[in-house]
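*Asks:* Pasting in a structure now, in C-alpha cells, and then I'll have a few things to ask.
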Amino acid sequence: MNPSRLILLCLACASSSVFAADASFTLTATSKDFDRYFPGYLANGYVSTLTGPRGTEGNLSYMVGLMDYAKDDFSRPAAIPGWTEIDYSTGQSAAGHFWMNQVDLGPARFQDYRQTLDLHAATLTTSYRYVDQGKSTDIRVLTFASQASPHLAATQLTLTPDFDGEVELSFALNLWAPYQPRLPLAKLSGDEMQEAVAAQQMKLVAIPPATPDRAPVWYHGDVHVGANDGDTKTLTLWLDGRAEQGLATAQAAAIELPKGMTPTDVKLHQSQYRLALNLSAKVEKGKTYTFTKYVAMSREGWGGDAKADLALATSAREGGFERLSAAHRAAWAKLWQSDIVIDGDERAQRAVHSDLYYLLSSSTADTAWAIGACALTPGYAGHIFWDSDSWVFPALLLLHPDRARSLVMFRARTLAAAQARAKAAGLDGAKYPWEADPENGTEQTPHFAWVLGEREIHVNADVAIAQWQYWLATQDRAWLKQYGWPVIRNVAEFWASRVTWNAGKQRYDILHVTSVDEDYNDVPNDTYTNAAAAKALRIASLAAAAAGGKADPRWNEIAAKLHIPFDAAAQHHLHFDESVAHDRDTWGGSSLPMLSLPALDLPMSPQVRRNDYDAAIGPVLASSRDPNSMGLAPLSIAAATVGDQARAVAWLEKNFQGGVIKPPFDVRTETATNNTGYFVTAAAGFLQNLIFGLSGLRIEDSGLNAAYAPLLPPNWRSMTLRNIAFRGKRYDVTVDRAADGKARLTRAAAAIR
C-alpha cells in the first residue's frame, strides 16, 4: 500500500475511534422526524448541498461566490446542478413502475430508518429497508463534500435486495428550472414588494417544516446549462453552464459499478431538467452491491471547465472511494484538533460541535471569501454583512486563524468596490456595503431595505476593528502592510469625511444613521456607531505606526471629540443622541449590550457597565417581538463583564431553548418562529460567548489578556479552549473550579502538536 495512503487511513481510523464514544458529534434522524425534517447541510466552504431524508434525492446545491445578476434584481446565489441523486427502482410490475425518490415517505415503505450526520467526519449516512411492490431492499447511502479535495464530492449507494431479479438505477445531475416568479426587487419599495408577493399568492411566512420564511424573496438564482453530455461506455457525465449574467461553472460525474457487474442496459438521458445515466442490472437475493458517484465541480476563477472536471472525477474514481473518504476524514480530524471541550453539560457540548461544524463547513482557509449570514444557502441572498466581521470572524480567530484570515482578506479584496461607493456618495476613503456581494463586494441591499444600505454605516468601523484584531492575534506585519493597513486607512478616511463638527457643543457628530437597533433608521449619534467609529480612527493611527504608514493627525482628534451619548445623572450610556427617545418595542430591544462585544469593548467603569446592562435589560424583557438569536451573545457577554453569573448563564441557556435549534440536525434559525436557517451568525455568537464571554479573555496590544474573572455555569465542571493559536504559539486554555469553588482560568502549551 502507498505509504501516504496508509497514513490517511490511519488518521481517519484514529479520528473515528476518538469520536465514536462522544455522542456530541452525532446527530440522528429517525422515521419520527419525517414530518418535521429540517434538511441538514454538507459543505466544504466551496460547495454545499442540502440533504434529503432518503439520502438519494437530488438536492439544491451552491458554490462559493457564484451569483446570479438578473436584471432589476439584487444578486443571489445561483443554484448549481444538484449532484447527490442516485435513484433506484425494483422494476416493472403489475402495479406499475416506481422510482424510490418519488415514493411518499412513511415508516411502512422506509423501515428501520436512520439518518446520521457525523459532525466529526462531515458525512451523511442514511440506512433503511425499502419496501416496494412486495420486494424489499436494504439500503445504505453515504455522502460528503471533500474537505481534502474541495472540487470533489461523492455519494455511495449500497443495496442488498431480498429478491432475485432486475433493478434500475439513475445517476443524475439535476438541471433546475429557472425560479419563478422573479420579482424586480432592485426597484420595489417595501409596500410594492408586499403587494407583489400577495399578487403571486405567496406569503412571507415559513411553511413547516423547512420552507424559508422569506422564500418569495430569498429564492435561489439560476444557472443556465449549455453544453452537456455523457458516455455510456465510460459511465461519465459532464456539463458547462453560466450563472444568470454571472460566472461560468462546470460539473462532471464518474460512476463506479460493483466489482464484476455488467449492466444489462445503459442509456444516456438528456432533458431540459435532467442529465443522467440510467442503467439496468441483474441482482441476486442477499448479495450486496455498491455503486459510487464521484462528482467534480468548478467555477470561473476557481478550477477549470467541464473537461477539467471530468478528468478530476475520473481520477477520483480510479483512486477509489476509500482513498477519497479517508483523506476527507483526515482533513476534518485535523480541524477538530482545535475545539471547545465542556465537561458537565452534554447539551452544551453538542451545541458547540454542531455550531463549529456549520462554521467550518462554510468557511475556507487562506482565501479571500467571507461567509454569508446563512452560509452557502440563499438565506439573506448569500450577502456579506457585518456578521462576518463582528460575529463569525472572532469565533474563528483563535481556533482557526487561517479561516479567520479569509474573512478579513475579503474586505481587502473588495476595497476598490468600497472606495467607488464612497466616491459616489461624495465621501473619502471606503464605504463598505451593508449587504456586500460575496464575489465582487458591491452593495446589494434590496430596494425595500435601502435605508439600511445608506445609513447603517457602523459596518465600516466593524471592518476596521476585525482587521486590527487579526493583526493583534497574529502579528503578521507583512499582511498588515499589504492588506490590513490599506483597509484600515480607507475606513478612517471615510469617518473623517462623514463626521460633522458641532461648533455649538465643540464636538463631532455623526448624523442620519440607522442604529444597530434598526427600527430607529434616522438618528444622530447612534452610540454603538460612534463608539466603533472612534475605535476605528484610533486603530488607524496605531496601524500606521505598525505598518510604516502615515497617520492623519485628525484621526485621533476626531476620535477624542466624537460624541458618545451618556446620561450623566443616571450614569449609563444612551442608545443614541439625547434628543431622540428610545421608546419603541423593537426586535433587538436595546443596543447597549453591543458596547461589550469583545472586539469593541468600550472602556468604562464597572459601575457604568452595570448601569448599562440594567438600562438595557428592561426594554429587552418587555419586548413583544420574537427574540433574535443573534442578540443572545451580547446580552450574555454584557452580563459576564459585570460579574453577573446568573444572568450570563440565563442568556447562554437560551441558545438551547425556545425552538431556535431545528431538529434533527441542530440547524440554528434566526428566531424560534422563523425558518431563516443555517444562521451561522447566531452559531458564531454562541461560540464567541464561550471563547470570550465565559473566559473573560480579550485580544489586546499586550497579548491575550483576562479582562475580568472567568465564570462557569453551575453544572459545568470545566471548559477548555483546546489548541488555540495566538502569535505563533498554541495553547490550551481551561476554565475550571479551584478548591474554593470559584472559577479560575489557566493556560498551558497545547497538548496537540
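*Asks:* Considering each of Gly589, Gly631, Gly677 in turn, give the residue that is at positive phi and crowded, with 21+ Cβ neighbours inside 10 Å. Walk me through how you get there before you give the answer.
*Replies:* Values: Gly631 fails: at positive phi; Gly677 fails: at positive phi.
Of Gly589, Gly631, Gly677, the one residue that is at positive phi and crowded, with 21+ Cβ neighbours inside 10 Å is Gly589.
*Asks:* Which residues, taken from region 338-395, are buried (at least 24 other Cβ atoms within 10 Å of the Cβ) and of a type in the set (Asp, Glu)?
*Replies:* If the condition is that a residue be buried (at least 24 other Cβ atoms within 10 Å of the Cβ) and of a type in the set (Asp, Glu), then Asp355, Asp387, Asp389 are the ones that fit.
*Asks:* Output the residue which, of all residues in region 579-624 that are among the β-branched types (Val, Ile, Thr) and in a helix (DSSP H, G or I), is farthest from Val392 (Cα to Cα).
*Replies:* Residue satisfying both the conditions and the ranking: Val608.
*Asks:* Kindly provide the set of residues from region 469-488 that are in a loop (DSSP other than H, G, I, E, B) and either free of Cβ contacts under 8 Å to residues at least 24 places away in the same chain or crowded, with 19+ Cβ neighbours inside 10 Å (or both), ordered by number.
*Replies:* Asp476
*Asks:* Can you say whether Trp501 is surrounded by fewer than 19 Cβ atoms within 10 Å (Cβ to Cβ) and under 25 Å from the mean Cα position of the chain (by Cα), as far as the supplied structure shows? Break it down stepwise before answering.
*Replies:* Values: surrounded by fewer than 19 Cβ atoms within 10 Å (Cβ to Cβ): yes; under 25 Å from the mean Cα position of the chain (by Cα): no.
No: the conditions fail for Trp501.
*Asks:* Okay, next question. Applying the selection to region 370-403, what residues are closer than 20 Å to Trp218 by Cβ and either in contact with a Pro (Cβ under 8 Å, 6 or more places away or on another chain) or of a type in the set (Asp, Glu) (or both)?
*Replies:* Once the filter is applied, which keeps residues that are closer than 20 Å to Trp218 by Cβ and either in contact with a Pro (Cβ under 8 Å, 6 or more places away or on another chain) or of a type in the set (Asp, Glu) (or both), region 370-403 yields Ala370, Gly372, Leu376, Thr377, Pro378, Gly379, Ala381, Gly382, His383, Ile384, Asp387.
*Asks:* Could I ask something else about it? Of the residues that sit in region 41-83 and are within 13 Å of the chain's Cα centre (by Cα) and of a type in the set (Gly, Ala, Ser), which one is surrounded by the most Cβ atoms within 10 Å (Cβ to Cβ)?
*Replies:* Ala43
*Asks:* Scan region 123-164 for residues that are of a type in the set (Ser, Thr, Tyr), over 21 Å from Ala330 (Cα atoms) and touching a Ser or Thr at 6+ places or on another chain (Cβ under 6 Å) and jot them down.
*Replies:* Those that are of a type in the set (Ser, Thr, Tyr), over 21 Å from Ala330 (Cα atoms) and touching a Ser or Thr at 6+ places or on another chain (Cβ under 6 Å): Tyr130, Thr158, Thr160.
*Asks:* In the list Asp240, Asp265, Asp213, which residue meets the criterion of being touching a Ser or Thr at 6+ places or on another chain (Cβ under 7 Å), acidic (Asp, Glu) and either in the same structural domain as Thr314 (by TED's automatic domain parsing) or over 23 Å from Leu50 (Cβ atoms) (or both)?
*Replies:* The unique qualifying residue is Asp265.
*Asks:* Name the pairs whose Cβ atoms lie under 8 Å apart, with the first residue in region 603-631 and touching a residue at least 60 places away in the same chain (Cβ under 8 Å), the second surrounded by 19 or more Cβ atoms within 10 Å (Cβ to Cβ) and outside any helix (DSSP H, G or I), and 6 or more positions between them or separate chains?
*Replies:* Within 8 Å, the pairs are Met630/Glu670; Met630/Phe679.
*Asks:* Pairs under 6 Å by beta carbon, first residue not assigned by TED's automatic domain parsing to the domain that holds Val491 in region 522-543, partner of a type in the set (Phe, Trp, Tyr), six or more apart or different chains?
*Replies:* none
*Asks:* Name the pairs whose Cβ atoms lie under 9 Å apart, with the first residue in region 173-199 and crowded, with 17+ Cβ neighbours inside 10 Å, the second part of a helix (DSSP H, G or I) and of a type in the set (Asp, Glu), and 6 or more positions between them or separate chains?
*Replies:* That search, which allows pairs on different chains as well, returns Leu188/Glu195.
*Asks:* Quick one: how many residues across region 258-309 are among the aliphatic types (A, V, I, L, M), over 20 Å from Phe321 (Cβ atoms) and not in a strand (DSSP E or B)?
*Replies:* So the answer is 2.
*Asks:* Still on this structure: Condition check: surrounded by fewer than 24 Cβ atoms within 10 Å (Cβ to Cβ) and in contact with a helix residue (DSSP H, G or I) (Cβ under 8 Å, 6 or more places away or on another chain). Does Glu653 satisfy that?
*Replies:* no
*Asks:* May I pose another question? Say whether the condition of being surrounded by fewer than 22 Cβ atoms within 10 Å (Cβ to Cβ) and closer than 27 Å to Arg350 by Cα is met by at least one residue in region 105-112.
*Replies:* So far as region 105-112 goes, yes, one or more of its residues are surrounded by fewer than 22 Cβ atoms within 10 Å (Cβ to Cβ) and closer than 27 Å to Arg350 by Cα.
The values are calculated or read from the model by the stated rules, or taken from the named source; none is laboratory data. Please read all numbers here as calculations on a predicted model, not as lab measurements. Note: ideal-geometry Cβ built from the backbone for every residue, glycine included; neighbour counts use all protein chains shown.
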